[in-house]
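Heads up: the structure comes next, in structure tokens.
The values are calculated or read from the model by the stated rules, or taken from the named source; none is laboratory data. These numbers come from a predicted model, not from an experiment. Here the Cβ positions follow ideal geometry from the backbone for every residue, glycine too, while neighbour counts run over all protein chains shown.
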Amino acid sequence: MSKPIPLLDKIGEEGRVWNDLREEYGVENPDPPWRVTLESTCEALNEGACVLPSLARRDEEDDLVNELYSHIPHPERQLLALAHSMIIRGIMTEEDLAHHIKVVEKRLNAA
Amino acid sequence: MSNSDNHDHDHTAAPMVEEISDFEVLEVAVRELCIEKGIFTQDDHNQWTEYMHTLGPLPAGRLVAKAWLDDDYKQLCIDDPVKASLEVGVDWVNSMPSKFGTPSDYCNPRILVDEPKVKHVVVCTLCSCYPRPILGQSPEWYRTPNYRRRMVRWPRQVLSEFGLQLPEDVEIRVADSNQKTRYVVMPTRPEGTDGWSEDQLAEIVTRDCLIGVAMPRADRKVDDKRHVHKAIHPYGH
């Protein structure tokens with residue numbers, strides 16, 4: 001059984017998923033703009049150094065979605081599962097990620 | 001183009017999502033941390049993203065349309081799908097950003113040719129292997145355990161859930177993709193398309209037909225307007 005990661009749980013609970021956003025704003029695109037860059041990150045992690053091989057990542061994604069993120073739609077849950085896999089493999093720490101999220105949030109929301 | 005032409009079109013801005021979600025922030029943060037840790041570079045990532053943006057189901061639709069019109073090309077699709085793909089602009093070996101072919105997968109594409117009494121359908125029971133160079137990103141449902149587990153066990157039932165009811169005398173062959181081998185279905189040419197050009201035929205070969213969960217129809221184009229039929233017994237009435 002996978003152990004929840006509080007940071008990711010919070011994003012899963014409080015984050016607004018693309019389906020809700022596009023409905024509110026009347027946008028037709030079925031995928032969030034970050035879907036392609038997420039896929040590229042997955043490819044780049046598989047590529048070269050094989051930090052996170054695709055097959056292992058997808059296996060873990062299935063388990064994590066089943067156990068922790070089943071209530072969250074795709075591709076949001078793919079993203080949570082990717083971050084989760086990276087943390088449990090020590091590629092980054094929860095603290096690393098929490099810190100960087102604050103940095104990114106401040107930058108993207110700068111007026 | 002004259003200056004006046006520039007002002008002919010409607011300037012009303014399409015609606016945009018005007019807020020940044022926590023998920024968007026998370027995606028950027030994960031990506032930037034990878035770059036910061038030296039796992040990949042921004043340039044590596046850009047190359048993948050640009051490549052992803054070029055992918056879609058159109059080349060596979062074109063391949064099927066060509067094969068419907070040309071028996072020699074159809075045979076090439078069966079014998080050497082990599083070579084046949086080149087004719088529709090897809091290079092399985094050299095066009096990936098990795099520049100050494102592909103990251104172990106994709107290089108063995110196979111075209112499964114339907115017959116009147118044989119229907120193929122593609123799945124990846126293990127994860128979500130998909131012929132992306134020629135079909136683009138896999139649809140969400142293709143990744144679900146529901147589809148992956150049930151298609152191999154009860155294909156007729158699952159296909160009927162997609163609205164594809166096959167007669168009992170049609171054999172269903174389920175092809176299970178893996179890291180090396182990626183399948184594309186070449187459906188049978190539908191009735192009502194005699195005399196059609198390659199362009200016309202390519203327009204009716206939708207993504208779902210190429211996965212095998214739908215059959216092409218003369219009256220259903222890839223870019224058709226999405227119809228919503230009114231409910232017969234609407235809720236609350």
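Here are a few things to note about the model shown:
- Complete set of residues in the stretch B:120-134 that are away from chain A (no Cβ under 14 Å) and either in a helix (DSSP H, G or I) or farther than 15 Å from B:Val213 by Cβ (or both): B:Ile134
- Conditions (1) within 12 Å of chain A (Cβ to nearest Cβ); (2) in a helix (DSSP H, G or I); (3) modelled with pLDDT of 90 or more; number of the one not met by B:Met52: (3)
- Residues of the stretch A:49-58 satisfying the condition of being part of a helix (DSSP H, G or I) and more than 7 Å from every other protein chain (Cβ to nearest Cβ): A:Ser54, A:Ala56, A:Arg57
- Complete set of residues in the stretch A:30-48 that are closer than 14 Å to B:Arg132 by Cβ and more than 7 Å from chain B (Cβ to nearest Cβ): A:Arg35, A:Cys42
- Selection of the stretch A:40-58 for residues being closer than 13 Å to A:Ala83 by Cα and not aliphatic (A, V, I, L, M) yields A:Thr41, A:Cys42, A:Arg57, A:Arg58.
- Condition met for B:Ala29 (surrounded by 15 or more Cβ atoms within 10 Å (Cβ to Cβ) and farther than 21 Å from A:Cys42 by Cβ): no
- Residue match in the stretch B:150-171 (condition: farther than 26 Å from B:Cys129 by Cβ, more than 16 Å from the chain's Cα centre (by Cα), crowded, with 21+ Cβ neighbours inside 10 Å and aliphatic (A, V, I, L, M)): no
- Restricting B:Tyr235, B:Tyr183, B:Tyr142 to residues that are out of contact with any Pro (no Cβ under 8 Å at 6 or more places or on another chain), closer than 30 Å to A:Pro53 by Cα and of a type in the set (Phe, Trp, Tyr) narrows the list to B:Tyr142.
- Residue-level check: of (1) at pLDDT 95 or above; (2) over 18 Å from B:Cys127 (Cα atoms); (3) assigned to a helix (DSSP H, G or I); (4) not charged (D, E, K, R), A:Ser85 misses just (2).
- Failed criterion for A:Gly12 (all others in (1) facing another protein chain (nearest Cβ under 8 Å); (2) touching a helix residue (DSSP H, G or I) at 6+ places or on another chain (Cβ under 8 Å); (3) part of a helix (DSSP H, G or I); (4) under 16 Å from B:Leu26 (Cβ atoms) hold): (1)
- Looking across A:Leu52, A:Leu82, one residue alone is hydrophobic (A, V, I, L, M, F, W, C) and either out of contact with any Leu (no Cβ under 8 Å at 6 or more places or on another chain) or more than 15 Å from B:Glu27 (Cβ to Cβ) (or both). It is A:Leu52.
- Qualifying positions in the stretch A:61-76 - in a helix (DSSP H, G or I), facing another protein chain (nearest Cβ under 10 Å) and either closer than 13 Å to A:Ile11 by Cα or in contact with a helix residue (DSSP H, G or I) (Cβ under 6 Å, 6 or more places away or on another chain) (or both): A:Glu61, A:Val65, A:Glu76
- Qualifying residue in the stretch B:90-109 (condition: modelled with pLDDT of 90 or more and over 25 Å from A:Asp59 (Cβ atoms)): yes
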